[in-house]
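So the structure is just underneath, and the comments pick up after that.
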Ligand SMILES: Nc1ncnc2c1ncn2[C@@H]1O[C@H](COP(=O)(O)OP(=O)(O)OP(=O)(O)O)[C@@H](O)[C@H]1O
Ligand SMILES: [Mg+2]
């Protein structure tokens, strides 16, 4: 159990900057996830923490003492690798026992501890199997048990769930959270799956091109992303181009209409900005209802319906600001979530007006071209 | 209804089985013509004396001190070049991978493929031209004050022959072991280190157990390779060095001691030792694959 601090970590490989100026402290017993697109430096940061890479600058501190110069085998950190990395010549039991054998624990104690861990991860029936005789989920459990067996002060998990199917992934992530909470191990989990990050973390570190974009609780990051990058990366999000009309009054402007939007007071007058609204925040309204300064309105034609279970996501095309027919087609696509039971009211081809309720949107500076490129490169984009 | 579906399923399976056997026919024929028949003829011949009479006497010949010597020499030659070539090949193979440079690795593999197949008269000549009495290297070293032949070295001895064999044994080892070395994942070492293991502990508990079967299997092939080699040794020593393949050629082509029956017996001894190597190799490969196959 330990407090982990990373101070000003930077690392480059040749010309490639993998991590730059990374500062983070992880509290005792906290679970923090690194979330970011492929190649943003998540693994590199984790490997520096574990001691497999030496940072160009910066230091790694555990419980107040610096470990930057220590070799990996003297850091007491447990790591689970991106592809399990089980020893192929050992059974599940021997794999779990490895760290205890290195530490020369008495055989009876080892056996007891291994049995306990095999039980904790539901692995009793594959204890005698070699890695190639186990399913991906089982191998992943063995890798976790092996890392935890030696009671590491810090647990580092590099995309531990990326190689298992969706159902097992959900099971395992709940299991990891439960186990981590029970044992109170300070944990860093790397992922590029935002659902995973949001569901099990105490805090999420959003990374982009080697730097921390922002750090916050899942709820805060989801509700109030502070950067365009985070907004685009986490959850489904409508991004509507606007312009800051009055910084002092907190107003933005679009298609000749002005309306209040949280965040506008932090941007300069006249700045290009993005109004962020979650699909589930938009409220379907009667076409006749008028827009107001507090409650801007958008209107479009239902193009596609996608069923998400409890809700139906409607994708609107030809979207304009305002309830009336005037104005240009300014927004290519707008996602609106409605209860599945009510979706029958808006079949494909019908017109739908939606309001942006007070306090459900947020304004941030428009992203730079480079940021935009990074977001669209991301695999499996959930951005709308 | 069950019975009909089952027989309906079985028919195509049986036809497929027949096709497989048909496809294997050429291979079976080759085995018959080039392995089984020659072996039978060897066995047949080994039980017949020069005058054509049936007798197991040739086998007592095999056990005579005169004939034990070629076997001793051959085993010594094969074992020493197996060990030297095997260990150096292993180290060089690992070095090629550790260099981290694709170019270096490709060059290493290409050179190894060429060198491993460079044998017989050309190889013998190359060595005579470099390490022979008047060879380039010999003369160069003499210029530096190192007198190879004066120090007791001669290319036309067992040590000389072993040096020449090492030339193809080493690169052969590189080629044989590279796939196994390549299959070692960096994460295994890192996982071991992460769990507190030092370098030696990792080697002892992870790397060596994983690699050992492949290393031994490859070395057995080196042994067999050296044991059966004939052309290189003959070209270098023109037949006076007593190793098994040369002894065989002596008794079947010589004027004085022409005795095909004895040649057959020697060949059976040679085949026997080779068979042990191959069986050992296959067994070890099986053992590895028990936990290596993904
Ligand atoms: N050993 C290395 N040599 C050269 N470049 C490297 C090395 N390791 C990482 N990089 C580079 O550093 C950057 C960060 O890599 P890293 O593996 O940390 O990304 P990641 O966030 O873990 O990505 P992924 O989600 O794909 O695993 C990448 O551009 C990568 O190409
Ligand atoms: Mg990674």
Fill in: Qualifying positions in the stretch B:116-168 - under 16 Å from residue B:240 (Cα atoms) and free of Cβ contacts under 8 Å to residues at least 40 places away in the same chain
B:154, B:159
Discussion item. Being within 16 Å of ligand 1 (Cβ to nearest atom) and touching a residue at least 60 places away in the same chain (Cβ under 8 Å) narrows it down to one residue among A:144, A:161, A:189; which is it?
Written reply: A:189
Worksheet item: Does the stretch A:52-65 contain any residue that is within 16 Å of ligand 2 (Cβ to nearest atom), under 30 Å from residue A:111 (Cα atoms) and buried (at least 17 other Cβ atoms within 10 Å of the Cβ)?
Response: yes
Item to complete: Specify which of the listed residues (A:198, A:117) is more than 16 Å from ligand 2 (Cβ to nearest atom), under 22 Å from residue A:25 (Cα atoms) and in contact with a helix residue (DSSP H, G or I) (Cβ under 6 Å, 6 or more places away or on another chain).
Response: A:198
Worksheet item: If you go through the stretch A:135-187, how many residues are within 14 Å of another protein chain (Cβ to nearest Cβ), surrounded by 18 or more Cβ atoms within 10 Å (Cβ to Cβ) and within 16 Å of ligand 2 (Cβ to nearest atom)?
Response: 7
Item to complete: Give the stretch B:38-95 a look and list any residue that's in contact with a strand residue (DSSP E or B) (Cβ under 7 Å, 6 or more places away or on another chain) and outside any loop (DSSP other than H, G, I, E, B), or say none.
Response: B:48, B:54
Worksheet item: Does residue A:228 count as over 17 Å from residue A:320 (Cβ atoms) and exposed (fewer than 14 other Cβ atoms within 10 Å of the Cβ)?
Response: no
Worksheet, complete the sentence: Residues of the stretch A:348-364 being crowded, with 17+ Cβ neighbours inside 10 Å and either outside the structural domain of residue A:303 (by TED's automatic domain parsing) or out of contact with any helix residue (DSSP H, G or I) (no Cβ under 6 Å at 6 or more places or on another chain) (or both), in sequence order, are A:352, A:353, A:354, A:355, A:356, A:361, A:362
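For the stretch A:3-14, does any single residue satisfy the condition of being within 16 Å of ligand 2 (Cβ to nearest atom) and in contact with a strand residue (DSSP E or B) (Cβ under 6 Å, 6 or more places away or on another chain)? Break it down into steps so the answer makes sense when it comes.
Within the stretch A:3-14, the first condition is being within 16 Å of ligand 2 (Cβ to nearest atom), and the residues that meet it are A:9, A:11, A:13.
With the extra rule that they be in contact with a strand residue (DSSP E or B) (Cβ under 6 Å, 6 or more places away or on another chain), the set shrinks to A:9, A:11.
Scanning the stretch A:3-14 turns up at least one residue that is within 16 Å of ligand 2 (Cβ to nearest atom) and in contact with a strand residue (DSSP E or B) (Cβ under 6 Å, 6 or more places away or on another chain).
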Worksheet item: Looking at the stretch A:82-105, which of its residues are at the interface with chain B (Cβ under 7 Å from one of its Cβ atoms), buried (at least 19 other Cβ atoms within 10 Å of the Cβ) and assigned to a loop (DSSP other than H, G, I, E, B)?
Response: A:85, A:87, A:88, A:89
Worksheet item: What residue, of B:149, B:201, is assigned to a helix (DSSP H, G or I) and at pLDDT 85 or above?
Response: B:201
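The values are calculated or read from the model by the stated rules, or taken from the named source; none is laboratory data. As the structure is a computational prediction, the values presented were derived from the model and not from experiment. Cβ: placed from backbone, ideal geometry, glycine included. Neighbour counts: every protein chain shown.
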